[in-house]
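Asker: One structure is given below, represented as structure tokens, and several questions about it will come after.
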Amino acid sequence: MALTGIEIFKMLPKTNCKECGFPTCLAFAMALASGKAELDKCPYVSEEVKEKLAEASAPPIRPIKLGPKDATKTIGGELVQFRHEKTFFNPTIISGRVTTAMADAEVEALLKQFMALQFERVGLNLRPEMISVIDKDGDAGKFAALVKKVMAGSDALILLRSDKVEVLKAGAEVAKERRPILASATPENADTMGALAKEMDLPLVAKAEGYDALAELTTKLTGMGVKDLILNSAPKTVKQMLQDNIVFRRAALVPKFRPFGFPVINCVSMMTDDIKKQAAYAAIGIAKYAGIVVLSDLAPHVVFPLLLQRLNIYTDPQKPMIVTQGIYPLNNPDENSPIAITTNFALTYFIVSGEIEGSKVPTWLLIMDTEGLSVMTAWAAGKFAGDAVGSFVKKSGISDKAKTRTLIIPGYAAGISGDLEEELPDWKILIGPREASHIPAFLKAQV
Ligand code: SF4
């Protein structure tokens, strides 16, 4: 049974040295009890206590690090079932797939597509991260050559799949600098696959149909010393996949059922050849707990919506996405260029700045900190009021950069213009458009 924070505290050194990053041993104990800290952050815990606390302090779903040390991605490590309870931390990894049965040109095309699939949104680079390399004919040399090609042609995280341990080992040797995932250990080959994963210290997919069989398999593999496991229940239908994902998450969180305390992989490419269905299945996996989804194709119209969906699911709902308050010069403005202002909600910034850039009109864009609220919400909450906006404009330093004394405010904040005129008596306040799409025409009319 899990220990309470006080029970854990009794076993800690109680020196309050802060080396764990917490102000006191008690705070660290409380964080351990709720799965929000890891025991190895305290360097002074004895081996004996470590053993006693290992069970209580382990996170309910083991975080697994993938990839090389300088570009690590983590899957698992989640603490809640519902995003609104806290947040989801480690976004689902999206994987494409190449096989030894594919022609060289097909492989090269997929690698090229993988590298090209990068989208800038709200200041983030959205892209798939993984390529799964699948053995179709049991030839270790051919498999290793394909892995080499994937390594040379991409910066992808790598998953290696073969039924034969010697084939998997040949691929793993080639890809070891990227810490590939090995797939898959089954009840039939658990001894050899487990031994390989342990020998090479690599994550391993544990695959079995049925909850009892999968729990037995992960228990056996952890008993062999393989700690980084990924669950695959080999669902045949999307209904089964969703049910399994939910069962694993619930079992890991609430009774802390350790055999299911690992991230999950959904190989939707194995469930259907229809790429549209794969996209729909992957979307369900991203929404409900998949650590990795594997698609057979990385067509942009399939991947882009999944990337956006993932961004939404894995954005902390309690923290609006924001940009830094300040002056943003767009299209090389000079001292005569117009000055516009809006809030620091990231979406607002990127939409407004995108329209201004598209207009080609040199403009100074002032971004005011409204704690990440959009214009209307910030105005309603009193964070984009005339006096606050006026005070910000005075302190922003824009007067040193531009001679213009005309300030364009968002159309939805027209109500602040009176107060703003009082706050900025030397300025002319212009009410801009309500819709961002009307900004280019509005700006062009000003110059
Ligand atoms: Fe206490 Fe260990 Fe943290 Fe120091 S590092 S404050 S001893 S828990």
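The values are calculated or read from the model by the stated rules, or taken from the named source; none is laboratory data. Everything numeric here is computed off the predicted structure, so don't read it as measured data. Cβ placement follows ideal geometry from the backbone for every residue including glycine, while neighbour counts extend to all protein chains displayed. SASA here: full protein model, heavy atoms, side chains in, ligands and nucleic acids out. Shrake-Rupley method; radii C 1.70, N 1.55, O 1.52, S 1.80 Å.
Asker: Can you list residues from other chains, or at least 5 along the same chain, whose modelled amide H is less than 5 Å from the amide H of LEU126?
Answerer: Long-range HN contacts for LEU126: PHE119, GLU120, ARG121.
Asker: Rounded to whole Å, give me the distance from the Cα center of the stretch 217-267 to that of the stretch 34-106.
Answerer: Here the two parts' Cα centres lie 13 Å apart.
Asker: How big is the charge dipole of the stretch 279-421 about its Cα centre, in debye rounded to the nearest 20, if each Lys and Arg gets +1 on its Cβ and each Asp and Glu gets -1 on its Cβ?
Answerer: With only Lys, Arg, Asp and Glu charged at Cβ, the dipole is about 160 debye.
Asker: Using 0.36 nm per residue of separation minus the Cα-Cα distance, give me the extension gain between LYS65 and LEU430 in nm, one decimal.
Answerer: Extending this stretch completely gives an extra 126.2 nm.
Asker: Need the list of aspartates and glutamates near LYS164 for cross-linking: C-alpha distance under 19 angstrom, and skip anything on the same chain fewer than eight residues off.
Answerer: Partners within reach: ASP135, ASP137, ASP139, GLU173, GLU188, ASP191, GLU199, ASP201.
Asker: Go ahead and set up a Gaussian network model of the chain, Cα springs under 10 Å, then flag whichever of GLY141, GLY261, GLY397 fluctuates most.
Answerer: So, out of GLY141, GLY261, GLY397, the one fluctuating most is GLY397.
Asker: Still on this structure, I have one more. Taking the alpha carbon gyration tensor of the chain, what are the square roots of 5 times its eigenvalues, largest first, to the nearest whole Å?
Answerer: Values: eigenvalues 469, 181, 67 Å².
Computed over the chain, the values are 48, 30, 18 Å.
Asker: Still on this structure, please answer the following. Calculate the FRET efficiency for ASP139 and CYS17 from the Cβ-Cβ distance with a Förster distance of 60 Å, rounded to the nearest 0.05.
Answerer: 0.60
Asker: For the stretch 189-305, what ratio Rg/Rh do Cα atoms give with a Kirkwood hydrodynamic radius?
Answerer: Over the Cα atoms of the stretch 189-305, Rg/Rh equals 1.00.
Asker: Related question: Pop out the carbon and sulfur fraction of the accessible area of the chain as a percent, whole number, probe 1.4 Å.
Answerer: Within the chain, the accessible surface is 54 percent carbon and sulfur.
Asker: Given H placed on each backbone N at 1.01 Å, which residues far from ALA234 in sequence or on other chains put an amide H within less than 5 Å of it?
Answerer: Close amide H contacts, sequence-distant or interchain: ALA208.
Asker: For the pairs LYS198/LYS227; LYS10/LYS52; LYS52/LYS207; LYS319/LYS383; LYS288/LYS319; LYS86/LYS383, flag any whose C-alpha to C-alpha distance is greater than 19 Å.
Answerer: Listed pairs above 19 Å: LYS52/LYS207; LYS288/LYS319; LYS86/LYS383.
Asker: Could you give the length gained by full extension between ASP212 and LYS36, i.e. 0.36 nm per residue of separation minus their alpha carbon distance, to one decimal place?
Answerer: Going from the current span to full extension adds 60.5 nm.
Asker: Could you go through the stretch 244-254 in sequence order and give the Karplus-derived ³J(HN,Hα) for each residue, using 6.51 cos²θ - 1.76 cosθ + 1.60 with θ = phi - 60°, rounded to whole Hz, and x for Gly and Pro?
Answerer: 4, 4, 5, 4, 4, 5, 4, 5, 6, 8, 7
Asker: Measuring with a 1.4 Å probe in the full set of protein chains, what accessible area per residue, in whole Å², belongs to the chain? Let's see the in-between values first.
Answerer: On the way: 20960 Å² over 447 residues.
For the chain, the solvent-accessible area averages 47 Å² per residue.
Asker: Between TYR314 and ASP273, with labels modelled 7 Å along Cα→Cβ, what's the label distance in nm to one decimal, could you check?
Answerer: Modelled inter-label distance: 3.1 nm.
Asker: Residue by residue through the stretch 276-293, what is 3J(HN,Hα) from phi via Karplus (6.51 cos²θ - 1.76 cosθ + 1.60, θ = phi - 60°)? Round to whole Hz and write x for glycine and proline.
Answerer: Here the 3J(HN,Hα) series is 5, 5, 4, 4, 5, 5, 5, 4, 5, x, 5, 5, 10, 5, 6, x, 9, 10 Hz.
Asker: Springs between alpha-carbon pairs under 10 angstrom, Gaussian network model over the chain: which of MET193, MET376, MET151 fluctuates most?
Answerer: Comparing MET193, MET376, MET151 in a Gaussian network model of the chain, the most mobile one is MET376.
Asker: Karplus couplings for the stretch 5-13 from phi (6.51 cos²θ - 1.76 cosθ + 1.60, θ = phi - 60°), rounded to Hz, Gly and Pro as x?
Answerer: Values per residue, Gly and Pro as x: x, 5, 4, 5, 3, 4, 9, 7, x Hz.
Asker: Which far-off residues, 5 or more places away or on another chain, put their amide H under 5 Å from the one on GLU78, with H placed in the peptide plane?
Answerer: Excluding prolines and chain starts, which carry no amide H, the hits are ILE61.
Asker: Given ALA105, LEU124, ILE134, which one lies farthest toward the positive end of the charge dipole of the stretch 85-145, if we put +1 on the Cβ of every Lys and Arg and -1 on the Cβ of every Asp and Glu?
Answerer: Toward the positive end, the furthest listed residue is LEU124.
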